[in-house]
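Each reported figure results from applying straightforward, stated rules to the coordinates on display, with no laboratory input. Just so it is clear, the model here is predicted, and its values are computed rather than measured. Reconstructed Cβ throughout: ideal geometry from the backbone, glycine too, with neighbour counts over all protein chains shown.
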Amino acid sequence: MLIAGEPSGDLLAAELVAALRETPALKARDFAPRFFGAGGPRMAAAGVELAVDLTAHAVVGLAEVLKKLGDFRAVMRQLLDLACAQQPDVIVCVDFSGFNRRFAHALCRRLRAERRRFNNWRPRIVQYVSPQVWASRPGRADAMARDFDLLLCLFPFEQAWYAQRVPRFRVEFVGHPIIDRHAVATALPTPDSQADRPLVLLLPGSRVGELKRHLPVMFAAAKRIAARHPARFQTVLPDETLASLARQLGTNGSDVEIQIGGLAPALAAATVALACTGTVTLECALAGTPTVALYKTSALTYHVARRIVTVKYLAMPNLLAGEAIFPEFIQGAATPANLAAAVVDLLEQPVRREAVKAKLARVVASLGRPGASARAATAIASLLDGPPAGDLTARP
């Protein structure tokens with residue numbers, strides 16, 4: 001059983017399913033594995049029997065989650081009942097940690113309360129992608145150690161962090177699948193860079209709320225940039241639904257091309273990117289594209305986050321490097337004037353852009369070798385041959 005609740009997790013789970021099908025330990029068994037659960041279109045295309053399209057519920061931020069709390073509770077009950085009816089050997093919770101941590105805990109509690117009903121069924125429970133416990137609320141690590149048998153991390157520092165705090169918890173660093181995606185994408189032809197005018201990419205995120213918050217300020221920044229430095233502008237979005245929303249929002253008088261897909265070739269042709277903090281900043285790092293990062297959220301989410309987040313940076317390349325390789329503008333600082341000034345500064349300083357690229361190369365080297373999905377699949381398959389990690393009845 002797999003549970004993924006966001007487009008990025010949907011892709012990650014689909015890649016994992018493909019890798020699990022090819023894992024020698026599973027191929028050697030008498031029956032091919034069957035996959036079911038909750039996710040999105042990529043998981044469905046990979047052969048996962050979906051009971052719920054959970055990606056349709058994807059939101060970010062406390063205020064946004066509160067608005068959909070009733071929906072999430074209903075889906076939680078549905079998936080708990082589905083797990084108990086199907087009794088899978090392994091449950092893989094992919095990212096979406098707020099929901100998945102609660103799902104794992106609720107399932108353990110139900111299994112403990114109804115032991116006679118379930119006889120000897122004891123699924124191995126895996127969390128694939130660590131929540132950012134190292135950035136806020138570190139106490140969640142202890143709760144995860146109680147409810148999960150295995151945690152698969154994408155970043156090397158995470159394994160060491162858990163080893164120091166909860167050494168009994170099995171945590172494995174498998175690397176980031178983005179390395180494999182980048183290798184495939186960059187094998188494609190790169191579009192004409194039209195060197196007479198630099199290309200500035202606008203990357204607002206992959207969720208409706210992110211587009212609504214980020215695109216208006218990005219379009220306004222593009223208009224300011226064009227007034228100071230000749231440039232072409234392009235926004236790259238993952239699907240037609242988001243592209244249609246971008247057209248509805250309007251470009252605020254700026255000349256911006258809206259493109260669906262093809263992010264890697266676009267990054268290869270870009271001089272500078274203006275991107276929301278998140279996974280896309282790692283894709284910018286892989287391409288060696290100097291980037292200005294921003295993030296805007298609801299006032300409630302921002303004020304809560306200010307009190308609990310302890311890390312200095314939000315963009316992952318900055319966190320991995322321990323310095324602001326990408327300038328960051330968060331909430332009120334993410335104004336058209338500030339963003340435009342930072343982008344123009346990069347456009348007008350080729351020496352600075354080369355220095356940024358050199359630092360990004362060191363960040364990319366820390367992400368591990370290709371083959372992350374295969375390593376994750378091998379670790380998950382290994383759970384089938386051993387006893388559960390810990391006594392379920394001892395879990396609170």
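Annotations
- For the range 183-365, the Cα gyration tensor yields ellipsoid semi-axes of 22, 21, 17 Å (square root of five times each eigenvalue, largest first, whole Å).
- The ranking of Asp149, Asp196 from fewest to most other beta carbons within 10 Å of each one's beta carbon is Asp196, Asp149.
- Residue order, fewest to most surrounding Cβ atoms within 10 angstrom, among Asp95, Asp345, Asp10, Asp239: Asp239, Asp345, Asp95, Asp10
- Sorted into 10 angstrom bins from 0, the C-alpha pair distances of the range 189-295 split as 15, 53, 30, 1 percent.
- For Arg306, Arg109, order by how many other beta-carbon atoms lie within 10 Å, fewest first: Arg306, Arg109
- Cα pair distances in the chain, grouped into 20 Å bins until the bin that holds the longest one, percent each: 26, 56, 17, 1
- Taking every alpha-carbon pair within the range 4-161, the share separated by more than 26 Å comes to 27 percent.
- For the chain, built as a Gaussian network whose Cα springs stay under 10 Å, the top-fluctuating residue of Ala372, Ala285, Ala334: Ala334
- Taking chymotrypsin sites (Phe, Trp or Tyr not before Pro) as exposed when their DSSP state is a loop state and no more than 14 other Cβ atoms lie within 10 Å, the longest site-free interval of the chain runs over 122-396.
- If you take all other residues with their beta carbon under 15 Å from the beta carbon of Phe31, and give Lys and Arg +1 and Asp and Glu -1, the sum is +2.
- Estimated FRET transfer efficiency when R0 is 41 angstrom, pair Arg77-Asp196 (beta carbons, to 0.05): 0.10
- Fluctuation leader among Ala28, Ala324, Ala264 - the chain, Gaussian network, Cα springs under 10 angstrom: Ala28
- Candidates Ala226, Leu245, Leu319 compared by Cα position along the dipole of the range 183-365: farthest toward the positive end lies Leu319, with charges placed on Cβ.
- For the set Lys212/Lys359; Lys312/Lys359; Lys312/Lys357, the pairs lying more than 25 angstrom apart at their alpha carbons are Lys212/Lys359.
- This model, with +1 at the C-beta of Lys and Arg and -1 at the C-beta of Asp and Glu, gives the chain a dipole about its Cα centre of some 1300 debye.
- Gaussian network model of the chain, Cα within-10 Å springs - most flexible of Thr241, Thr279, Thr289: Thr241
- According to the Kirkwood relation over distinct C-alpha pairs, the hydrodynamic radius of the range 75-160 is 13.6 Å.
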